[in-house]
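Notes follow once the structure below has been shown.
The values are calculated or read from the model by the stated rules, or taken from the named source; none is laboratory data. Since we're looking at a predicted model, the values are computed, not measured. Methodologically, a virtual Cβ is constructed for each residue, glycine included, from the backbone with ideal geometry; neighbour enumeration extends over all protein chains shown. Side chains included, ligands, DNA and RNA excluded: accessible areas come from the protein's heavy atoms. Shrake-Rupley method; radii C 1.70, N 1.55, O 1.52, S 1.80 Å.
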Amino acid sequence: MNILPFLARPVASVITRRVNRDAANALQCQQHIFHHLIGKGRETVYGKAHGYGHINSYDDYRKLVPLVDYETIKPFIERASTGERDVLWPGVPKYFATTSGTTSGSKYIPITPDSISNHIDTARNALLLYMKRSGNYRMAAHGMIFLQGSPELGMKGVIPAGRLSGIVAHHVPGYLQRNRMPSWKTNCIEDWETKVDAIVEETLKRRMSVISGIPSWLRMYFEKLLERTGKPVGEIFPDFSLMVYGGVNYEPYRTVMRNLTGRPVDTLETYPASEGFIAFQDLAEGDGLLLNVNSGIFYEFIPVSEAGSASPARISLEEVETGTDYAIVLSSNAGLW
C-alpha cells in the first residue's frame, strides 16, 4: 500500500496554514524579505557599488538602486561565472538557469543555494494546497509526469548551467521519485519529438494521476497518446485528476485541451520563471494567482503605462491598486536586483 496519500494529509494542513498566514500578512512578509536581502547584499560587489550600507528603507532603495535589465547586470553575472565570490549574492551561484528572452538573446539567470528552495518548495506548496482544498490526496499514490527540459547540465564558466526545469529535476524530493515520470534516461533525450514518443511508451501502461508542463508540451503529449490509442487522455488514464500548467496564457489552449482529455480534469495554474517562482493558483475558482510573498523575492511594480519611460514610478506591494496593470520588478536571494 502506498502511504504517500496518508502522509500528505497532515503536511498539506501545515503548509496551507503557513501559506494562508503569509497571505494575510503579505506586507510584513515583504518588509522582512526586503531587510533580509539588503543585509545580505551589503557585502557584495553590487551592494557596495550601489550604497547598500546606506539603505534603511524602501525609499532609500528606490533612490540608490536603479532599475536594470539583463544587459546592465550581465557584467556582474560574467564575473560570478568565473567563480568570483560575493558578486551579486554572498558566495557563488549554485547554477545558472539558461533562458532566451525577447531583448537580450540567451540569458544566464543565477540560482543560489538560498534561492533554490523558492523553486522547489513553491511547487510543493501549490500541490499541497490543491490537495487540501480538493481532498484529492489519492493522486499522490499514482504516477506523476513532469514534462520538462533535459536535466543534463552544461557549464557557464565554472558554474553548472541548464534549463530551469532540468535543474529542478535534480532536486525532486526522494519521496516523489518512485511515482515520478519520465525516467531519467528518457528525460535526457534532447530532441523533443523523440522524447515525447519515449514518454508515451513509458507512461501508456502506468496509472497516471498528475500531468504537468507548459501547455504546448502537454498538447503534443496528449495528441501523441490519442494518435497511438485512438482514445482521449482521460480514458487512457482513469486516475488522471490534475493537470498543472504555466509559462504562457492558457486560454488559447483551453478548448483543445478539453477535447484531448475527453472529460473534466482539475487544473492548477502556476507562474514559474527562471528569475523566481512568482505565484500560483490557491483557489478552485477564479483567474487570480497568489503572489509568493515569503519566498526570498521582494517585489516592486511599475504601471504598464509607464514601463517604457525613462523614469517610471516604482511602488511596493503596499501601494498596489487593484484594476491597474503592472510590470513586475524583482529583487531576490538569487542576487537579482
Go through the range 65-79 and count every residue that is open to solvent by less than 20 Å² (accessible area, probe 1.4 Å) and assigned to a loop (DSSP other than H, G, I, E, B). 1
Any chance the range 268-277 includes a residue that's among the polar types (S, T, N, Q) and open to solvent by 40 Å² or more (accessible area, probe 1.4 Å)? no
Against the conditions (1) in a helix (DSSP H, G or I); (2) farther than 24 Å from Y130 by Cα; (3) open to solvent by 40 Å² or more (accessible area, probe 1.4 Å); (4) of a type outside the set (F, W, Y), where does K205 fall short? Just the number, please. (1)
What pairs come out if I take residues in the range 303-327 that are more than 22 Å from V293 (Cα to Cα) and pair them with residues that are open to solvent by 60 Å² or more (accessible area, probe 1.4 Å) whose C-beta lies under 6 Å away, six or more apart or interchain? P312/E306
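For the range 130-174, give me each residue that is basic (K, R), touching a Phe, Trp or Tyr at 6+ places or on another chain (Cβ under 9 Å) and in a helix (DSSP H, G or I). Please lay out each step first, then the result.
First, pick out the residues of the range 130-174 that are basic (K, R): 132-133, 138, 156, 163.
Okay, now just the ones that are also touching a Phe, Trp or Tyr at 6+ places or on another chain (Cβ under 9 Å), so 156.
Those that are basic (K, R), touching a Phe, Trp or Tyr at 6+ places or on another chain (Cβ under 9 Å) and in a helix (DSSP H, G or I): none in the range 130-174.
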May I ask you to list the residues in the range 122-138 that are in contact with a Pro (Cβ under 9 Å, 6 or more places away or on another chain) and under 20 Å from G246 (Cα atoms)? T122, A123, R124, M131
It is to be established whether one or more residues within the range 49-56 are more than 26 Å from the chain's Cα centre (by Cα), free of Cβ contacts under 8 Å to residues at least 60 places away in the same chain, closer than 25 Å to L291 by Cα and open to solvent by 80 Å² or more (accessible area, probe 1.4 Å). yes
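Is one or more of the residues making up the range 240-249 at pLDDT below 95, in a strand (DSSP E or B) and not hydroxyl-bearing (S, T, Y)? I'd like the intermediate steps shown before the answer.
Initial filter on the range 240-249 (at pLDDT below 95): 246-249.
Okay, now just the ones that are also in a strand (DSSP E or B), so 246.
Then keep just the ones that are not hydroxyl-bearing (S, T, Y); that gives 246.
Yes, the range 240-249 contains a residue that is at pLDDT below 95, in a strand (DSSP E or B) and not hydroxyl-bearing (S, T, Y).
Condition test on I297, is it modelled with pLDDT of 95 or more and more than 27 Å from I120 (Cβ to Cβ)?
Values: modelled with pLDDT of 95 or more: yes; more than 27 Å from I120 (Cβ to Cβ): no.
Spelling it out, it is not the case that I297 is modelled with pLDDT of 95 or more and more than 27 Å from I120 (Cβ to Cβ).
Rundown of residues vs (1) surrounded by 13 or more Cβ atoms within 10 Å (Cβ to Cβ); (2) at negative phi; (3) free of Cβ contacts under 8 Å to residues at least 24 places away in the same chain, yes/no style:
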{"site": "P173", "(1), (2), (3)": "no, yes, no"}
{"site": "M181", "(1), (2), (3)": "yes, yes, no"}
{"site": "K185", "(1), (2), (3)": "no, yes, yes"}
{"site": "I211", "(1), (2), (3)": "yes, yes, no"}
Checking the structure you have, find out if any residue of the range 283-300 is open to solvent by less than 30 Å² (accessible area, probe 1.4 Å) and of a type in the set (S, T, Y). yes
Of all residues in the range 213-228 being touching a residue at least 40 places away in the same chain (Cβ under 8 Å) and not aromatic (F, W, Y), the one that is most open to solvent (accessible area, probe 1.4 Å): R219
